[in-house]
Amino acid sequence: MIGIHLNHELDCSERRRLVFNGDLLLYSRNAATAALADHAISLASEAFAPMDPQFAQEELSVAAFIERAGPLKSRFTNDLRTKELVRDVLVAFGCDLDETYFDVPRLRLVPHGDYLSSGVSYAYKAHRDIWYASPTAQVNWWLPAFAVTTERAMSFFPEYWSKAVPNSSSEFDYDEWCRVGRQLATSQVDKDTRKHPLPADPISTESELRIASTKGDVIMFSAAHLHATAANRSGRTRFSIDFRTLNRSDIEQGRGAPNVDSRPSGSTIGDFIRARDFAPIQIPSAWQQP
Ligand SMILES: [Fe+2]
């Protein structure tokens, strides 16, 4: 059974306990999440000016769209302001800034129709983030910039929380991904040739869950949840923000979600920065997870 908790005021450790149990935590926007979403909207509006970012794909060739989307995504990720706004979100949620680490925030653009689903707008097939070498202690934070509908949302497949999915994560090597995969993103137009970990068999959509939320509403979920980019049939490009957090004590004490089927090489843990001062994470050998 997967629980969905709406707007519960929980302390950080209680939230993580629920997330590691497979529950989804939903929070309506607050001032800090709205500010982060507004920041994304403002950068997107600038990048696609004078067009409305949600409809710009109607007026742009795929190549011209990528020319704007690529730098927009990099700017959002690397902008100091974005990191400060993520930190404000963590403060609003009562996270301990010295114990909490986050990785680079990302802006995702999912065009509608069959326009582009690779490279800068890769439509993630069903996956668990831990297939991509994320730690099981990772908490994912996902929020729309512009409101989403079920036709332009993210899909969860809760029935697979405790059910193994045959997959190719054992062929995923995070170090190689960093060397090769990311650099290729803007050159992947017709199809994505990067070595994503994928399910070996079709995924049952019987339990598929899509949450239609509005600007700045947060979905918090475990890196071990099977999820995907839903095909966007809504007539607008989806803009969403996501980032991931780790708590030092979870890593040190081996807490996290169960791992039912993930066997990648390497770990993303070195990408995390401390929420207080954005200092890179220091990884004592005791932190290395099996
Ligand atoms: Fe993911």
Report yes if some residue within region 98-108 is of a type outside the set (G, A, S), more than 30 Å from M51 (Cα to Cα), out of contact with any strand residue (DSSP E or B) (no Cβ under 8 Å at 6 or more places or on another chain) and surrounded by 20 or more Cβ atoms within 10 Å (Cβ to Cβ); otherwise report no.
no
Subset of region 198-227 [crowded, with 22+ Cβ neighbours inside 10 Å, within 14 Å of the ligand (Cβ to nearest atom) and not β-branched (V, I, T)]:
F221, S222, A223, A224, H225, L226, H227
Selection from region 236-290 of residues that are modelled with pLDDT of 95 or more, aromatic (F, W, Y) and not in a loop (DSSP other than H, G, I, E, B):
F239, F243
Please verify whether region 144-160 includes one or more residues that are at pLDDT below 90, within 16 Å of the ligand (Cβ to nearest atom), closer than 17 Å to F239 by Cβ and part of a loop (DSSP other than H, G, I, E, B).
no
Residue, most open to solvent (accessible area, probe 1.4 Å), within region 156-173, restricted to residues that are within 22 Å of K195 (Cα to Cα) and hydroxyl-bearing (S, T, Y):
S170
Would you mention how many residues in region 8-60 are farther than 30 Å from K73 by Cβ and open to solvent by 70 Å² or more (accessible area, probe 1.4 Å)?
5
Answer yes or no as to whether L90 is surrounded by 17 or more Cβ atoms within 10 Å (Cβ to Cβ), away from the ligand (no atom under 16 Å from the Cβ) and in contact (Cβ under 8 Å) with a residue 12 or more places away in the chain.
yes
So which of D250, D201, D242, D175 is acidic (D, E) and touching a strand residue (DSSP E or B) at 6+ places or on another chain (Cβ under 6 Å)?
D242
Filter region 209-231 down to residues that are more than 16 Å from P199 (Cβ to Cβ), of a type outside the set (G, A, S), assigned to a loop (DSSP other than H, G, I, E, B) and touching a helix residue (DSSP H, G or I) at 6+ places or on another chain (Cβ under 7 Å), then give me how many there are.
1
If a residue must be touching a helix residue (DSSP H, G or I) at 6+ places or on another chain (Cβ under 9 Å) and within 14 Å of the ligand (Cβ to nearest atom), how many such residues does region 114-135 contain?
10
Suppose we keep only residues that are more than 14 Å from the ligand (Cβ to nearest atom) and among the aliphatic types (A, V, I, L, M) within region 228-247. Which one would you say is most open to solvent (accessible area, probe 1.4 Å)?
A231
Pairs please, first residue from region 205-232 and within 26 Å of K163 (Cβ to Cβ), second anywhere and basic (K, R) and within 16 Å of the ligand (Cβ to nearest atom), Cβ atoms under 7 Å, 6+ apart in sequence or on different chains.
A223/R128; A223/R244; A224/R128; H225/R128; L226/R128; A228/K125; A230/R210
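The values are calculated or read from the model by the stated rules, or taken from the named source; none is laboratory data. Because the structure is a prediction, the values reported are computed rather than measured. Here Cβ is always computed from backbone atoms with ideal geometry, including for glycine, and neighbour counts include all displayed protein chains. With ligands, DNA and RNA removed, areas are computed over all heavy atoms of the protein, side chains included. Shrake-Rupley method; radii C 1.70, N 1.55, O 1.52, S 1.80 Å.
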